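Down below is the structure, laid out as structure tokens.
The values are calculated or read from the model by the stated rules, or taken from the named source; none is laboratory data. All values derive from a computational prediction rather than experimental measurement. In this analysis, Cβ positions are derived from the backbone assuming ideal geometry, glycine residues included, and neighbour counts consider all displayed protein chains. These area figures cover heavy atoms from the full protein model, side chains too; ligands, DNA and RNA do not enter into them. Shrake-Rupley method; radii C 1.70, N 1.55, O 1.52, S 1.80 Å.
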Amino acid sequence: MISDFLSYQFLQNAFWASILASVACGIIGVIIVEKKLVMMSGGISHTSFGGIGLGYLLGIKPIIGGLIFSVLAAFGVIKIKRSTKTSEDTLLGMMWAAGMALGIVFISIRSGYPPDMTSYLFGDILTVSRTDLWFMLALNIILIGIVFLFFEYWKAYLFDEELLRVLDYNIERFELVLYLLVAISIVVLIKAVGIILVIAMLTIPASIAKMFVGELKKLIFFSCILGLIHFMIGLMLSYYVNISSGATIILVSTASYGFATFIKKYFYHA
Amino acid sequence: MTQLELKDVTVYYDEVCAVKNVDLTVSQGDFLGIIGPNGGGKSTLLKTIIGIVAPSEGAVIKAPDLRIGYVPQFSSFNKSFPISVYDVVLMGRLSKGIRIGKKYKKEDHDAVKRILKTLSLSGLAERHISELSGGQLQKVLIGRAMVSNPNMLILDEPTSNLDGAARSEIYELLKLLNKAMTVVIVSHDMAAISSYVRQVACLNETLYYHGDTEHVGDGIERAYGCPVDIIAHGKPHRVFIEHEGVRL
Ligand SMILES: Nc1ncnc2c1ncn2[C@@H]1O[C@H](COP(=O)(O)OP(=O)(O)OP(=O)(O)O)[C@@H](O)[C@H]1O
Ligand SMILES: [Mg+2]
């Protein structure tokens with residue numbers, strides 16, 4: 001694979017994409033798991049499919065449409081969360097499905113041969129382009145900057161938002177920024193693992209890391225590393241066996257989760 | 001010296017009236033116990049004082065130098081969060097306003113170490129928050145409220161699920177802290193209230209009594225709407241005086 005790696009641009013791109021994706025996974029994944037926003041994030045990612053369809057329809061880059069829709073979905077989720085407490089679940093499910101449906105509608109009203117959507121649904125890290133990489137890098141820099149320049153506040157927000165409220169901080173603003181970060185990171189990950197699988201990549205490395213690490217920064221770091229390992233193994237397997245990279249990466253992470261549970265149970269005593 | 005004054009404070013949650021026309025004054029050095037039945041508006045009153053619930057009517061007047069430390073009734077925090085006791089207390093040093101690249105300073109760390117020592121928690125500093133007993137956790141939360149160097153400590157039922165020994169420990173601690181700061185505490189624990197606090201307020205929507213523990217009279221009974229026995233056990237420092245018809 002080393003010689004292939006040196007001679008094929010697409011393998012190099014896949015490598016860099018793995019790094020960028022695992023950083024986003026590590027940071028946002030830990031936050032999502034700690035704040036129990038897994039379903040909300042699922043809603044945001046599926047809704048972004050509508051934007052991808054719109055992108056195709058309008059002839060702009062589908063991922064830009066996806067970014068716009070996932071940001072809108074983040075606002076939508078906040079609105080849902082703040083208004084009617086009782087039907088939160090239902091509304092989220094509705095947004096989730098409507099986003100997907102919109103995507104399908106946009107694609108089918110576009111004239112001509114329908115594009116292959118599987119790379120957005122399930123990811124295809126081997127087709128990541130240079131432009132995609134720059135885009136992912138830019139989003140990653142925003143993500144890292146916002147999380148680490150205000151790290152102590154995020155830590156307090158994730159641990160106990162009531163404390164911040166008592167100290168007279170504006171919790172709604174934290175919430176808004178957090179959801180936008182989730183939207184951004186999902187877009188970073190779509191090319192690599194796809195809309196449907198993105199949730200797995202956000203939650204699995206973070207959950208594994210949580211079994212062994214008891215401090216937030218270490219947890220984030222360890223999740224990034226784990227994510228990267230999963231990406232690398234998945235990438236290699238999918239390259240040699242020639243199966244979908246997104247699906248392979250997810251299965252590798254799932255297996256790794258099972259393995260970690262086993263280690264934790266029988267060999268690791270903190 | 002008056003630190004805090006509530007003037008005719010009324011609080012509604014939509015249609016539900018939780019607190020009605022309450023006048024209350026808290027002075028420097030007070031040890032005030034707020035008692036009353038479930039749903040009597042005690043937590044709401046504290047939240048109004050802290051400023052996380054706005055009064056529908058009336059005003060909360062605070063002395064310019066008032067710094068409140070608050071320990072809520074239901075800790076809403078994420079119990080599995082990867083954080084140590086030390087870092088939880090350190091969080092109490094956050095002060096209003098967001099600074100880019102904020103780092104805690106040496107004085108913040110010094111304050112945390114001092115507080116952990118005062119509360120005899122130094123040995124648990126590195127312990128993960130999920131590995132504490134109820135009493136230890138309660139002390140950590142008191143530590144977090146105290147680390148910002150408040151001159152008024154407000155606690156909402158800090159001993160509700162602690163055993164007798166842990167409870168006494170908390171009250172002894174509060175008594176000690178009361179030498180340096182005002183303490184306001186909500187509790188259903190009549191024995192503790194009668195032995196430790198020096199002022200009481202009986203609240204059931206409105207304020208039925210506010211004053212020294214000696215003269216509480218039938219304020220409690222009227223607040224609860226039924227006779228209440230206050231039996232001091234342990235080592236009582238002060239017991240409410242007998243009142244006709246009610247054994248206090
Ligand atoms: N967030 C809320 N929204 C609507 N109603 C509320 C809210 N919080 C409290 N209430 C209502 O206000 C009233 C007072 O509640 P509060 O929590 O202040 O009572 P409490 O004296 O602290 O009771 P307890 O002893 O059970 O802690 C109750 O009738 C309660 O149902
Ligand atoms: Mg209460």
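How much net charge surrounds residue B:159 when only the other residues with a Cβ under 10 Å from the Cβ of residue B:159 are counted, with Lys and Arg +1 and Asp and Glu -1?
Working: positive: B:167; negative: B:157, B:163, B:169, B:189.
Value of the local net charge: -3.
Dipole magnitude of the protein assembly as shown about its Cα centre, charges +1 at Lys/Arg Cβ and -1 at Asp/Glu Cβ only, in debye to the nearest 20?
Details: 46 positive and 43 negative charges, 317 e Å.
It works out to roughly 1520 debye.
Just tell me the longest site-free run in chain A, where the sites are trypsin sites (Lys or Arg not before Pro) in a DSSP loop having at most 15 other beta-carbon atoms within 10 Å.
Details: sites that count: A:36, A:85.
No qualifying site falls inside A:86-270, the longest such stretch.
Looking at region B:33-90, which trypsin sites (Lys or Arg not before Pro) are in a loop (DSSP not H, G, I, E or B) and have at most 12 other Cβ atoms within 10 Å? All intermediate terms of the calculation are to be shown ahead of the outcome.
Details: sites: B:42, B:47, B:62, B:67, B:79; in loops: B:67, B:79.
For trypsin sites (Lys or Arg not before Pro) across region B:33-90 that sit outside H, G, I, E and B with at most 12 neighbouring Cβ atoms in 10 Å, the list reads B:79.
Residues of A:151-158, mean number of Cβ from any other protein chain within 10 Å of their own Cβ, rounded to a whole number? Each step should come with its number before you reach the end.
Details: counts 3, 11, 5, 0, 7, 8, 0, 5.
Average neighbour count from other chains, rounded to a whole number: 5.
Computed over the Cα atoms, what is the radius of gyration of region A:2-262 divided by 2.2 N^0.38 Å, N being its residue count? Please report the intermediate quantities before stating the final value.
Details: Rg = 18.2 Å, N = 261, 2.2 N^0.38 = 18.2 Å.
Region A:2-262 yields a ratio of 1.00.
For region B:87-163, which GluC sites (Glu not before Pro) are both in a DSSP coil and crowded by at most 15 other Cβ atoms within 10 Å? Display every interim value, and only then the final one.
On the way: sites: B:107, B:126, B:131; in loops: B:126.
Sites meeting the loop and neighbour criteria: B:126.
Can you give the net charge of the other residues whose Cβ lies under 14 Å from the Cβ of residue A:131, counting K and R as +1 and D and E as -1? List each step's numbers first, then the result.
Numbers: positive: A:61, A:130, A:191; negative: A:132.
Net charge around residue A:131: +2.
Averaged across A:24-36, how many Cβ atoms of other chains sit within 10 Å of each residue's Cβ atom? The partial results should precede the final answer.
On the way: counts 0, 0, 0, 0, 0, 0, 1, 0, 0, 1, 4, 2, 1.
For peptide A:24-36, the averaged partner shielding equals 1.
Straight distance only, please: which lysines reach the Cα of residue B:103 with their own Cα at less than 18 Å, same-chain residues fewer than 8 apart left out?
Answer for residue B:103, where 18 Å is the Cα cut-off: A:155, A:217, A:218, B:113, listed by chain and number.
Quick one: accessible surface of residue A:154, probe radius 1.4 Å, all protein chains present, in square angstrom to the nearest 10.
Accessible surface of residue A:154 is approximately 10 Å².
Using only the alpha carbon atoms of region B:1-71, find the Kirkwood hydrodynamic radius as the inverse mean reciprocal pair distance, in angstroms to one decimal. Show your work: numbers first, answer last.
Working: mean 1/r = 0.0791 Å⁻¹.
Kirkwood hydrodynamic radius for region B:1-71: 12.6 Å.
For chain B, what does the relative contact order come out to in percent, with C-alpha contacts under 8 Å and a separation of six or more?
Numbers: 457 pairs, mean separation 61.7, N = 248.
Relative contact order here is 25 percent.
Charges at C-beta only: +1 for Lys and Arg, -1 for Asp and Glu. How large is the resulting dipole of region A:2-262 about its Cα centre, in Debye rounded to 20? Numbers along the way, then the final one.
Numbers: 16 positive and 15 negative charges, 40 e Å.
The dipole of region A:2-262 has a size of about 200 debye.
Can you give the % of DSSP beta bridges in chain B that are antiparallel, to the nearest 5?
On the way: 21 of 38 bridges.
In chain B, approximately 55 percent of DSSP beta bridges are antiparallel ones.
Taking a ≥ b ≥ c as the square roots of the eigenvalues of the Cα gyration tensor of region B:31-188, is the shape rounded (a/c under 1.5), prolate (a/b larger than b/c) or oblate? If you can, show how the numbers build up before the last one.
Details: a/c = 1.58, a/b = 1.19, b/c = 1.33.
Taking the square roots of the gyration eigenvalues as a ≥ b ≥ c, region B:31-188 is oblate.
Quick check: net charge around residue B:5, other residues with Cβ under 9 Å of its Cβ, Lys/Arg +1 and Asp/Glu -1? Walk me through the numbers on the way to the answer.
On the way: positive: B:7, B:62; negative: B:23.
Computed value for this residue: +1.
Sequence neighbours fewer than 8 away in the same chain don't count; with that in mind, list the aspartates and glutamates whose C-alpha is under 19 Å from residue B:62.
Filter leaves A:168, B:5, B:8, B:23, B:30.
Arrange the residues B:31, B:74 by how much accessible surface each exposes, largest first, with a 1.4 angstrom probe.
On the way: B:31 0, B:74 155 Å².
Listed by decreasing accessible area, they come as B:74, B:31.
Carbon-plus-sulfur fraction of the accessible area of the protein assembly as shown, 1.4 Å probe, in percent?
61
Can you compute log10 of I(q)/I(0) for region A:1-149 with the Debye formula, treating each Cα as one identical point scatterer, at q = 0.20 Å⁻¹?
Here the Debye-derived log intensity ratios amount to -1.32.
With every protein chain kept in the model, how would you rank B:17, A:25 by accessible area, 1.4 Å probe, largest at the top? Intermediate values should be presented prior to the final figure.
Working: B:17 30, A:25 0 Å².
Descending order: B:17, A:25.
Looking at the square roots a ≥ b ≥ c of the eigenvalues of the Cα gyration tensor of the protein assembly as shown, which shape do they give, rounded for a/c under 1.5, prolate if a/b is larger than b/c, or oblate? The partial results should precede the final answer.
Details: a/c = 2.92, a/b = 2.13, b/c = 1.37.
In terms of gyration-tensor shape, prolate.
How much of residue A:87 can a 1.4 Å solvent probe reach, expressed as accessible area in Å² and rounded to 10?
Surface accessible to solvent at residue A:87 totals approximately 40 Å².
What residue among A:249, A:180, B:152 has its Cα farthest toward the positive end of the dipole of the protein assembly as shown, where the charges are +1 on Lys, Arg and -1 on Asp, Glu, each on the Cβ?
Of A:249, A:180, B:152, it is A:249.
Across peptide B:97-104, how many C-beta atoms of other chains are within 10 Å of each residue C-beta, on average?
Numbers: counts 3, 8, 4, 3, 5, 5, 2, 1.
Average per residue, whole number: 4.
Using Cα pairs closer than 8 Å and at least 6 residues apart in sequence, work out the relative contact order for chain A, in percent. Intermediate values should be presented prior to the final figure.
On the way: 395 pairs, mean separation 81.5, N = 270.
Relative contact order comes out at 30 percent.
Report relative contact order for region B:81-205 in percent, whole number only (criteria: Cα-Cα under 8 Å, sequence separation at least 6). Walk me through the intermediate numbers first.
Values: 113 pairs, mean separation 32.9, N = 125.
Reported relative contact order: 26 percent.
Heavy-atom accessible area of residue B:148 with all protein chains present, probe 1.4 Å, nearest 10 Å²?
50
Give me the 1.4 Å probe accessible area per residue for region A:1-158, excluding ligands and nucleic acids, in Å². Write out the running numbers ahead of the final one.
On the way: 7200 Å² over 158 residues.
On a per-residue basis, 46 Å².
Take B:128, B:188 and sort them by solvent-accessible surface of the protein heavy atoms, 1.4 Å probe, largest at the top.
Details: B:128 35, B:188 70 Å².
From most exposed to least exposed: B:188, B:128.
Hey, can you find the accessible area per residue of region B:45-195 for me, probe 1.4 Å, expressed in square angstrom? Walk me through the numbers before you get to the answer.
On the way: 6440 Å² over 151 residues.
I get 43 Å² per residue for region B:45-195.
Please enumerate, by chain and number, the lysines with C-alpha under 17 Å from the C-alpha of residue A:265, excluding those fewer than 8 residues away in the same chain.
Correct list for residue A:265: A:210.
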